[in-house]
Amino acid sequence: MKLIAVSAGLGSPSSTRLLADRLTAATLEHVDAEPEVIELRDLATEIARHFTTGFPSARLAAALDAVAAADGLIAVTPVFAASYSGLFKSFFDVIDKDALTGKPVLLGATGGTARHSLATEHALRPLFAYLRALAVPTAVYAASEDWGEEGLDRRIARAGAELARFMAPAGRAGTPDTDTAAAIAPRSLTGAITSVDPADGFEVVPFAQRLEALRVP
């Protein structure tokens, strides 16, 4: 299998590329795949030229083909003006409209402040829904203050495991679950989709019990 990570980071080093690498590593802990990272900053001129000529260069065509052929995709962008960057959007504007149909995608974004954390939901998720991709439940946003924090590590690990579940063919030996529904996403005791794997074990606390614990004596 092939796992492609698309990074729209502009700097070097880049926190966007770092997040893409961390998400790739987390996914590879659960699925055997060949990873590749596509740095969009190296293709910026060729992406712009494609808009005016209608034809991709050899390097851009290879990147587009790699994304189309991937078994799983990780897409990470810096947040500019509360949304994805223009370079990130331009790349997915020139890709074939059917290239991502049914493809599992892990969404990620980086920014200077936690105030942009919902950009993954109000900007990235609708974009990939339009492209008919299967965006995994957990998207990962990393603000400057998140690096080195356990919360970010947990979100990365959870998102990587979810992408691996989407990538793993149902019924294949060694996959987390051979049931088709469970291979798509773990489910709670009631059957609802959840980011917690029931196999790991967890306690369901009734809501009434939670409220009772909040009562002031």
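Just tell me which aspartates and glutamates come within less than 19 Å, Cα to Cα, of K2; anything on the same chain fewer than 8 places away is out.
The reachable aspartates and glutamates, counting only those whose Cα sits under 19 Å from K2, are D21, E29, D32, E34, E36, E39, D65, D71, D96, D98, E162.
With a 1.4 Å probe and all protein chains in place, put M1, M167 in order of accessible area, largest first.
M1, M167
Rounded to the nearest percent, how much of the accessible area of the range 57-174 (1.4 Å probe, protein heavy atoms only) is carbon and sulfur?
On the way: 2710 of 4950 Å².
Looking at the range 57-174 in its full context, I get 55 percent from C and S.
In nm, what is the difference between 0.36 nm times the number of residues separating W147 and L214 and their Cα-Cα distance?
Net length gain for the segment: 20.9 nm.
Using a probe radius of 1.4 Å on heavy atoms only, what accessible surface per residue do you get for the range 65-106? Whole Å² is fine.
34 Å²
Rounded to the nearest percent, how much of the accessible area of the range 10-49 (1.4 Å probe, protein heavy atoms only) is carbon and sulfur? Mind showing how you got there, number by number?
Values: 1000 of 2130 Å².
Of the solvent-accessible surface of the range 10-49, carbon and sulfur hold 47 percent.
Each residue of the range 77-83 in order: what ³J(HN,Hα) in whole Hz does its phi give by Karplus 6.51 cos²θ - 1.76 cosθ + 1.60, θ = phi - 60°, with x for Gly and Pro?
Per-residue couplings from phi come out as 9, x, 9, 10, 6, 6, 8 Hz.
Hand me the GluC sites (Glu not before Pro) from the range 89-149 located in a DSSP loop with no more than 14 other Cβ atoms within 10 Å, in residue order please.
Filter output for the range 89-149: E149.
Quote the FRET efficiency, to the nearest 0.05, computed for A129 versus D93 with a Förster distance R0 of 22 Å and r equal to the Cβ-Cβ distance.
The formula returns an efficiency of 0.90 here.
Taking K and R as +1 and D and E as -1, what net charge do the other residues with C-beta under 15 Å from the C-beta of L152 add up to? Don't jump to the answer; show the numbers that get you there.
Working: positive: R22, R154, R155, R158; negative: D21, E145, D146, E149, E150, D153.
Around L152, the charge tally is -2.
The values are calculated or read from the model by the stated rules, or taken from the named source; none is laboratory data. Quick caveat, the model's predicted, so the values are computed rather than measured. As a convention, Cβ positions derive from the backbone with ideal geometry for all residues, glycine included, and neighbour counts pool all protein chains shown. All accessible areas refer to the heavy atoms of the entire protein, side chains included, with ligands and DNA or RNA removed. Shrake-Rupley method; radii C 1.70, N 1.55, O 1.52, S 1.80 Å.
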